[in-house]
1. Exceeding 22 Å between C-alpha atoms, which entries from my cross-link table qualify? They are LYS18/LYS44; LYS33/LYS141; LYS44/LYS141; LYS6/LYS154; LYS21/LYS115.
2. If I compute solvent accessible area with a 1.4 Å probe over the protein chains, what percent of it on the chain is carbon and sulfur?
3. Select from GLN49, TRP62, GLY146 the residue farthest towards the positive end of the dipole of the chain; place +1 on Cβ of Lys and Arg, -1 on Cβ of Asp and Glu, and compute about the Cα centre.
4. Placing unit charges on C-beta atoms (Lys and Arg positive, Asp and Glu negative, everything else neutral), compute the dipole magnitude of region 122-173 about its Cα centre in debye, rounded to 20.
5. Over the chain, what relative contact order in percent results from Cα pairs under 8 Å that are six or more residues apart?
6. Run lengths n ≥ 4 of DSSP H only: what is the helix-derived mean residue ellipticity at 222 nm for the chain, with -39500 (n - 2.57) per run over all residues, to the nearest 500?
7. Give the residue from VAL118, THR95, GLY4 lying farthest towards the positive end of the charge dipole for the chain; charges sit on Cβ (+1 for Lys and Arg, -1 for Asp and Glu) and the dipole is referred to the Cα centre.
8. Could you give the size of the charge dipole of the chain about its Cα centre, using +1 on the Cβ of each K and R and -1 on the Cβ of each D and E, expressed in debye and rounded to the nearest 20?
Amino acid sequence: GSYGHKDGINYLLDAFNKVSKHRSDIRLILIGKAKSSINEKLRKYDNTQIIFKGYLSDEEYWHELYSADIMCMTRIDTPFSNAGFPFKLGEYLATGNSVIATDVSDIGFYLEDKKDFVMAEPSNVASLVNALEYLINHPEKRSTIGIHGYHKCKKYFNPKINSQVLLDFLNKLE
């Protein structure tokens, strides 16, 4: 897909740029179509640890997702973000990899910070830096957090289960 202002990519780029100054062993891989302002920021940083891959085939996309150590869903705090639920979060949790997500919508209702994912404040670079450093500096916790997030994904974000719950509810209305 594409990403822009609502997705908080500017904050993620700022946070990663700060963290990567002290870590040569990390990479931020961006997939999808970026707005021109994001491309300008990438050129400004000239950070070889940030890799922009653009659109990928489905096979390449899923390979990248499953190969990642840390997934980041960094939506900003807007009425749009809080009115819906970010589908990418379910996708990321389904990989079994650790996930950093900003506290928007009902995420905190379903997931527990530092158990199922690592929570960051929306639009807050320092909070994203802390979340990134936590998972980078605690590799032994990434796996456990990823597994717990995967189980929560199966429980709460499973379309088969959710559609049956909806169908059961609708049948009770008759």
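1. LYS33/LYS141; LYS44/LYS141; LYS6/LYS154; LYS21/LYS115
2. Numbers: 5340 of 10150 Å².
About 53 percent, which is the carbon plus sulfur part of the accessible surface.
3. Farthest towards the positive end: GLN49.
4. Values: 7 positive and 3 negative charges, 50 e Å.
Value, rounded to 20: 240 debye.
5. Working: 242 pairs, mean separation 38.8, N = 174.
Value for the chain: 22 percent.
6. -16500 deg cm²/dmol
7. GLY4
8. On the way: 22 positive and 22 negative charges, 51 e Å.
For the chain, the charge dipole is close to 240 debye.
The values are calculated or read from the model by the stated rules, or taken from the named source; none is laboratory data. Predicted, not measured: the structure shown is a model, and the values here were computed from it. Virtual Cβ from ideal backbone geometry, glycine too; neighbours counted across all protein chains shown. Heads up: the accessible areas ignore ligands, DNA and RNA and are worked out on the full protein's heavy atoms, side chains in. Shrake-Rupley method; radii C 1.70, N 1.55, O 1.52, S 1.80 Å.
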